[in-house]
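Nothing in this text is a laboratory measurement; each read-out follows from the coordinates by a stated rule. Only a predicted model underlies this, so the values are computations on that prediction, with no experimental measurement involved. Note that each Cβ is placed from the backbone with ideal geometry, even for glycine, and that neighbours are counted across all protein chains shown.
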Amino acid sequence: MSADLHRPLSTSAMAGAGAGVCGDPLAPPAGANRLLVTGGGRGIGAATVRLAAQHGWDVAINYAQRHDDAERLADEVRALGRRAFTVQADVADEAQVIAMFEAVDRAFGGLDGLVNNAGVVDVNARLDEMGGARLRRMVDINLMGTLYCAREAVRRLSTRHGGAGGAIVNLSSVAARLGSPGSYVDYAAAKAAVDTLSIGLAREVAAEGVRVNAVRPGIIDTEIHASGGQPDRVARVAASLPMQRAGVAEEVAQAVVWLLSPAASYTSGAVLDVSGAR
């Protein structure tokens, strides 16, 4: 691993020379390219895996249920000449998260970056219509999972723990500031907590070589809407959005991979909206 992930870039590096592998400003420094993406088998997670691999990251792909999708994606990464492996874990389960990070240690010999992407939504409902099981699921996966994974990453990345630094990117949602009334205030509340975590943790570990940021996607054309009972949501609302279209997963991945890279060496504690002005 390399502390170069956190050193200021020279003017020439910012222009693209020497910032990473072969002058790619989004490439990790040589020897500091081991990345874990949770919920990496589909949507924004899969787009992030592909783009990170294109820029030189070796990627551990976490999935909860979609083994075949994760394996196909790992094959894509290997075809780019990068290392990849898949690891099953429910991020809401602390023991499974610990085991997942231990698997990454064995496979890669360490970690240099984490993308906390795993998350879920549910069907539209008011708070007074939601049962306890749904509320617990929203908090356990969207918040507790992020906390567990961030904790395990800090234990490996922080110079306080013998690490050489690294970067954490947490996936939040524009729902965190809009509130999602009448749809899923539970999800919005959990994601707002992710924003707070990202800011606080960034300050907590800033002197230990670890950068922490969050990305807040808006309405993105992925399968998550179908999982929340609204497969037609993107088509239904696109014309009402400021840019009159939804985003695509690759547009979010661009922000995530930038935040992982040396090009973002002085960016920490940021919450970056990728929402098309929504």
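General observations
- Verdict on VAL215 being over 19 Å from VAL120 (Cβ atoms) and either crowded, with 18+ Cβ neighbours inside 10 Å or without any contact (Cβ under 8 Å) to a residue 12 or more places away in the chain (or both): no
- Number of residues in the stretch 37-71 that are in contact with a strand residue (DSSP E or B) (Cβ under 6 Å, 6 or more places away or on another chain), within 15 Å of GLY119 (Cα to Cα) and of a type in the set (A, V, I, L, M, F, W, C) equals 2.
- Members of the stretch 242-278 found to be surrounded by 16 or more Cβ atoms within 10 Å (Cβ to Cβ), out of contact with any strand residue (DSSP E or B) (no Cβ under 9 Å at 6 or more places or on another chain) and either without any contact (Cβ under 8 Å) to a residue 24 or more places away in the chain or over 22 Å from VAL59 (Cβ atoms) (or both), listed by number: ARG278
- Checking ALA207, ALA255 one by one, the residue that is outside any loop (DSSP other than H, G, I, E, B), more than 19 Å from the chain's Cα centre (by Cα) and among the small types (Gly, Ala, Ser) is ALA207 and no other.
- Taking strands (runs of 3 or more DSSP E) as the structural unit, those lying wholly within the stretch 46-134 and holding at least 2 residues that are more than 15 Å from the chain's Cα centre (by Cα) and surrounded by 20 or more Cβ atoms within 10 Å (Cβ to Cβ) correspond to 84-88.
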